[in-house]
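Everything on this sheet refers to the single structure shown next.
The values are calculated or read from the model by the stated rules, or taken from the named source; none is laboratory data. Treat the numbers as computed from the prediction; the structure is a model and nothing was measured. Note that we place each Cβ from the backbone using ideal geometry, even for glycine, and neighbour counts take in every protein chain shown. Each accessible area value is taken on the protein alone, full model and side chains, heavy atoms only, with ligands, DNA and RNA left out. Shrake-Rupley method; radii C 1.70, N 1.55, O 1.52, S 1.80 Å.
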Amino acid sequence: MYKLFKLTLLFVVLAFAFAPEMKLKRVSGNIYMVRGVDALPSLENRGFMSNAFAVLTKEGWVVVDALSTPELSKEFVENLYRVKRAPIKYAIITHYHPDHWYGAKTYKELGAKIIAHHVLMEEYKSGQAQMALDGAKQRFKGLFDNVVLVPPDIVVKEDTELKVGEYTFKLIPLKHSAHTNNDLVVYMPKERVLFAGDLVSYKRIIFAGDRNASVGGWIKALRMLKGMDVEVILAGHNEPLKKDAIDDTLNYLTFLRERVKKMKEEGKSVDEIRQALAENPFKDYKMYNEFYNANIFAVYNQLDYEED
């Protein structure tokens with residue numbers, strides 16, 4: 001028993017010893033970020049598998065996305081305070097996935113106003129979000145133990161301007177499902193910076209399997225983003241991107257949807273489609289093994305209710 005205890009303790013120590021370090025870096029001006037690892041959540045990576053951003057204004061910090069756990073969001077705040085110990089005024093959640101929402105309790109406790117898409121509030125009130133958290137706690141035992149869901153203080157239904165200090169943030173809630181049914185993008189028009197959540201990715205397979213996702217709606221959203229005057233895109237899982245990253249995401253989703261649709265109409269099963277699409281231009285993308293085949297299955301099912 002004692003040997004087992006020592007081995008368990010050694011495993012825990014080694015896991016945290018090799019856990020990814022959170023490093024704050026300046027994107028430009030007063031915009032900062034931390035970069036998560038490209039992996040599924042685990043005890044070993046502490047769930048630190050997405051990005052978070054913050055803008056320092058004359059009134060205080062505006063945070064975009066809350067990371068996966070209160071432990072991670074507290075660490076993020078500690079990094080921000082090393083730049084300047086200013087109040088956290090707002091925390092904007094781009095959608096309800098764990099790596100973007102589950103750390104929000106930290107900001108609520110610090111007095112920040114939580115901002116999110118109005119549908120995120122509906123998911124919270126309905127109990128669906130709590131069911132998802134309970135499932136995550138079972139699947140990733142020990143990782144989300146301290147997560148407590150907090151509802152937004154401000155819900156966004158229409159395009160809304162938020163002025164904080166010298167900066168203007170345009171909050172744009174999607175009106176239809178895309179990556180989720182509650183995607184909210186944040187645009188700084190003067191700086192030409194877009195916080196895109198998980199709508200945009202580059203050389204990385206994105207997750208299309210959310211229960212409320214719609215790849216068809218996602219493609220429409222990307223075409224809308226292409227029409228915006230954007231120089232820098234800050235997304236959930238990449239280094240800062242240029243605008244052409246939208247085309248990379250669009251090419252992948254269009255490839256997937258068009259080919260799955262054609263073969264489904266020909267009567268092929270999802271397994272036959274997976275086999276037919278085993279050779280593709282995206283095999284070198286990050287998270288390929290984790291998401292590529294799962295996304296084929298997701299699109300196959302979404303086509304039953306999506307409009308062309």
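Could you go through the range 164-177 and let me know if any residue there is part of a strand (DSSP E or B), within 17 Å of ALA91 (Cα to Cα), polar (S, T, N, Q) and modelled with pLDDT of 95 or more.
Restricting attention to the range 164-177, the residues satisfying the condition of being part of a strand (DSSP E or B) are 164, 167-173.
After this cut, where a residue has to be within 17 Å of ALA91 (Cα to Cα) as well, the list is 164, 167-173.
From what is left, the residues that are polar (S, T, N, Q) are 168.
After this cut, where a residue has to be modelled with pLDDT of 95 or more as well, the list is 168.
Within the range 164-177, one or more residues are part of a strand (DSSP E or B), within 17 Å of ALA91 (Cα to Cα), polar (S, T, N, Q) and modelled with pLDDT of 95 or more.
Checking the condition open to solvent by 50 Å² or more (accessible area, probe 1.4 Å), farther than 26 Å from LEU225 by Cα, modelled with pLDDT of 95 or more and under 26 Å from the mean Cα position of the chain (by Cα), which residue from GLU279, GLU290 passes?
Just one listed residue meets the conditions, GLU290.
Which residues, taken from the range 248-258, are more than 14 Å from GLN302 (Cβ to Cβ) and open to solvent by 60 Å² or more (accessible area, probe 1.4 Å)?
ASN251
Can you find, within the range 48-91, the residue that is nearest to GLY111 (Cα to Cα) among those that are touching a residue at least 60 places away in the same chain (Cβ under 8 Å) and over 20 Å from the mean Cα position of the chain (by Cα)? Break it down stepwise before answering.
In the first step, residues of the range 48-91 are kept if they are touching a residue at least 60 places away in the same chain (Cβ under 8 Å); the result is 49-51, 53, 55, 57-60, 62, 64-65, 68-71, 89-90.
Then keep just the ones that are over 20 Å from the mean Cα position of the chain (by Cα); that gives 57-60, 89.
On the way: THR57: 16, LYS58: 17, GLU59: 14, GLY60: 12, LYS89: 7 Å.
The extreme case among them is LYS89.
Mind checking which residues of the range 46-76 are over 12 Å from VAL164 (Cβ atoms) and either at pLDDT below 95 or open to solvent by 10 Å² or more (accessible area, probe 1.4 Å) (or both)?
ARG46, MET49, GLU71, LYS74, GLU75
Is it true that LYS137 is of a type outside the set (Gly, Ala, Ser), touching a Pro at 6+ places or on another chain (Cβ under 9 Å) and either open to solvent by 20 Å² or more (accessible area, probe 1.4 Å) or not in a helix (DSSP H, G or I) (or both)? Working first, answer last.
On the way: of a type outside the set (Gly, Ala, Ser): yes; touching a Pro at 6+ places or on another chain (Cβ under 9 Å): no; either open to solvent by 20 Å² or more (accessible area, probe 1.4 Å) or not in a helix (DSSP H, G or I) (or both): yes.
Here the answer is no, as LYS137 does not meet what is asked.
Suppose we filter HIS118, HIS100 for residues that are touching a strand residue (DSSP E or B) at 6+ places or on another chain (Cβ under 9 Å), at pLDDT 95 or above and buried (at least 20 other Cβ atoms within 10 Å of the Cβ); which single one remains? Full working, then the answer.
Values: HIS118 fails: buried (at least 20 other Cβ atoms within 10 Å of the Cβ).
Exactly one of HIS118, HIS100 is touching a strand residue (DSSP E or B) at 6+ places or on another chain (Cβ under 9 Å), at pLDDT 95 or above and buried (at least 20 other Cβ atoms within 10 Å of the Cβ), namely HIS100.
Could you please give the count of residues in the range 150-165 that are surrounded by fewer than 18 Cβ atoms within 10 Å (Cβ to Cβ), in contact with a Lys or Arg (Cβ under 8 Å, 6 or more places away or on another chain) and of a type outside the set (S, T, N, Q)?
7
Hey, ALA66 hits all of (1) farther than 19 Å from ILE154 by Cα; (2) in contact with a His (Cβ under 9 Å, 6 or more places away or on another chain) but one; which does it fall short on?
The failed condition is (1).
Based on what the data block shows, is GLY142 open to solvent by 20 Å² or more (accessible area, probe 1.4 Å), in contact with a Leu (Cβ under 7 Å, 6 or more places away or on another chain), more than 25 Å from TYR252 (Cα to Cα) and in contact (Cβ under 8 Å) with a residue 60 or more places away in the chain?
In short, yes.
Taking the range 186-208 on its own, how many of its residues are touching a residue at least 40 places away in the same chain (Cβ under 8 Å) and either open to solvent by 10 Å² or more (accessible area, probe 1.4 Å) or within 11 Å of the chain's Cα centre (by Cα) (or both)? Write out each step before concluding.
First, the residues of the range 186-208 that are touching a residue at least 40 places away in the same chain (Cβ under 8 Å): 186-189, 191-208.
Now restrict to residues that are either open to solvent by 10 Å² or more (accessible area, probe 1.4 Å) or within 11 Å of the chain's Cα centre (by Cα) (or both): 187, 189, 191-192, 195-204, 206-207.
Of the residues in the range 186-208, 16 are touching a residue at least 40 places away in the same chain (Cβ under 8 Å) and either open to solvent by 10 Å² or more (accessible area, probe 1.4 Å) or within 11 Å of the chain's Cα centre (by Cα) (or both).
Looking at (1) within 17 Å of THR180 (Cα to Cα); (2) touching a Leu at 6+ places or on another chain (Cβ under 8 Å), which one does GLU123 not meet, given that it meets all the others?
(2)
In the range 140-163, which residues are outside any loop (DSSP other than H, G, I, E, B) and among the β-branched types (Val, Ile, Thr)?
In the first step, residues of the range 140-163 are kept if they are outside any loop (DSSP other than H, G, I, E, B); the result is 154-156, 160-163.
Within the range 140-163, ILE154, VAL155, VAL156, THR160 qualify.
May I ask you to list pairs of residues, at least six apart or on different chains, whose Cβ atoms are under 7 Å apart, with the first in the range 27-47 being under 28 Å from ARG85 (Cβ atoms) and outside any loop (DSSP other than H, G, I, E, B) and the second being open to solvent by 50 Å² or more (accessible area, probe 1.4 Å) and among the charged types (D, E, K, R)?
TYR32/LYS25; TYR32/ARG26; MET33/LYS25; VAL34/LYS23
Select from the range 166-185 the residues that are of a type in the set (S, T, N, Q) and either under 16 Å from the mean Cα position of the chain (by Cα) or open to solvent by 60 Å² or more (accessible area, probe 1.4 Å) (or both) and list them in ascending order. Lay out the reasoning, then the answer.
To start, the set of residues in the range 166-185 that are of a type in the set (S, T, N, Q) comprises 168, 177, 180-182.
If the condition is that a residue be of a type in the set (S, T, N, Q) and either under 16 Å from the mean Cα position of the chain (by Cα) or open to solvent by 60 Å² or more (accessible area, probe 1.4 Å) (or both), then SER177, THR180, ASN181, ASN182 are the ones that fit.
So GLN302 clears everything in (1) under 24 Å from TYR32 (Cα atoms); (2) surrounded by 19 or more Cβ atoms within 10 Å (Cβ to Cβ) except one condition, right? Which one?
In the conditions (1) under 24 Å from TYR32 (Cα atoms); (2) surrounded by 19 or more Cβ atoms within 10 Å (Cβ to Cβ), GLN302 misses (1) alone.
Which residue out of LYS220, LYS262 is in contact with a His (Cβ under 8 Å, 6 or more places away or on another chain), open to solvent by 20 Å² or more (accessible area, probe 1.4 Å), under 17 Å from GLU306 (Cα atoms) and at pLDDT 95 or above?
Numbers: LYS262 fails: in contact with a His (Cβ under 8 Å, 6 or more places away or on another chain).
Going through LYS220, LYS262 in turn, just one is in contact with a His (Cβ under 8 Å, 6 or more places away or on another chain), open to solvent by 20 Å² or more (accessible area, probe 1.4 Å), under 17 Å from GLU306 (Cα atoms) and at pLDDT 95 or above: LYS220.
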